[in-house]
1. How many of the residues making up the stretch 175-198 are within 19 Å of G127 (Cα to Cα) and not aromatic (F, W, Y)?
2. Is it true that some residue in the stretch 137-147 is free of Cβ contacts under 8 Å to residues at least 24 places away in the same chain, part of a strand (DSSP E or B) and closer than 28 Å to L4 by Cα?
3. Residue under question is T172, and the condition is that it be among the hydroxyl-bearing types (S, T, Y), under 22 Å from A212 (Cβ atoms) and buried (at least 24 other Cβ atoms within 10 Å of the Cβ); does it hold?
4. If you scan the stretch 44-87, which residues turn out to be buried (at least 17 other Cβ atoms within 10 Å of the Cβ), at pLDDT 95 or above, assigned to a strand (DSSP E or B) and of a type outside the set (S, T, Y)?
5. Counting only residues that are of a type in the set (A, V, I, L, M) and surrounded by 15 or more Cβ atoms within 10 Å (Cβ to Cβ), which one in the stretch 1-24 is nearest to A72 (Cα to Cα)?
6. Would you mind finding the one in V41, V27 that is within 19 Å of V137 (Cα to Cα), open to solvent by 30 Å² or more (accessible area, probe 1.4 Å) and either under 14 Å from the mean Cα position of the chain (by Cα) or modelled with pLDDT of 95 or more (or both)?
Amino acid sequence: MTDLSLLQPRSIAEAIALQREIARRVVCEDAHGPVRRVAGVDVGFPGGGTQGRAAIAVLDFPSLALSETAVAEAEVNFPYVPGLLSFRELPVVLQALARLSAPPDLLLVDGHGRAHPRRCGIACHLGVLTDLPSIGVAKSRLVGRHEPVPQRRGAWVPLRDGSEIIGAVLRTRVGVHPVYVSIGHRVSLERAVDWVMACTTRYRLPETTRAAHALASGTVRKRGMR
């Protein structure tokens, strides 16, 4: 059952405190069963307004065929504060997840997990809220430093914040910028990298992210809507 107390702060200070509490609940080891349904999660704000649009694209694994989708739209109440964006986006994400016929076995979230100043990006927040295995896959760095990534598909280097490894900088395609992979919940970092590569074909981003983004932007026909 979703713990909504982790989603409804009454102030910025309370939101920061909730993130620290959520970070303590994150399971950083592999704690999931067989994965047959892997889902991409993306959130957009059409027109840059306060109406959030969440898209879930569920792909069969390992074929990566699109099997089910769900979209939800809702007015966003939490203010735009860098580092606290999950409080804006997750209420509508939860609405979209509830419209699926069954929970996915694994979530690949467009955003960070533990590669966050308080180790609680949207992938951690969503994973702990739902207790679903989750991985953060971000297009840009939020925090941390890393060495250059070798120009080889599947190569990665640690993303570090001080002495702590908070993620992996992964080369999914030669000649393009890497992506930033981090633990969300119930998946180890090494296995998270494996899952991202297993869901990536010839593009920079995994097919889960691509499908969810296309769905959120309205450029793909929705299937399995409920």
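The values are calculated or read from the model by the stated rules, or taken from the named source; none is laboratory data. Just so you know, these numbers come straight off a predicted model, no measurement behind them. Positions of Cβ are generated from backbone atoms using ideal geometry, with glycine treated the same way; all protein chains shown enter the neighbour counts. Quick note on the areas: whole protein, heavy atoms, side chains included, nothing else; ligands and nucleic acids left out. Shrake-Rupley method; radii C 1.70, N 1.55, O 1.52, S 1.80 Å.
1. Residues flagged as within 19 Å of G127 (Cα to Cα) and not aromatic (F, W, Y) within the stretch 175-198 amount to 15.
2. No, that holds for no residue.
3. yes
4. Across the stretch 44-87, the qualifying residues are A54, A55, I56, A57, V58, L59, L66, E68, A70, V71, A72.
5. This residue is L7.
6. V27
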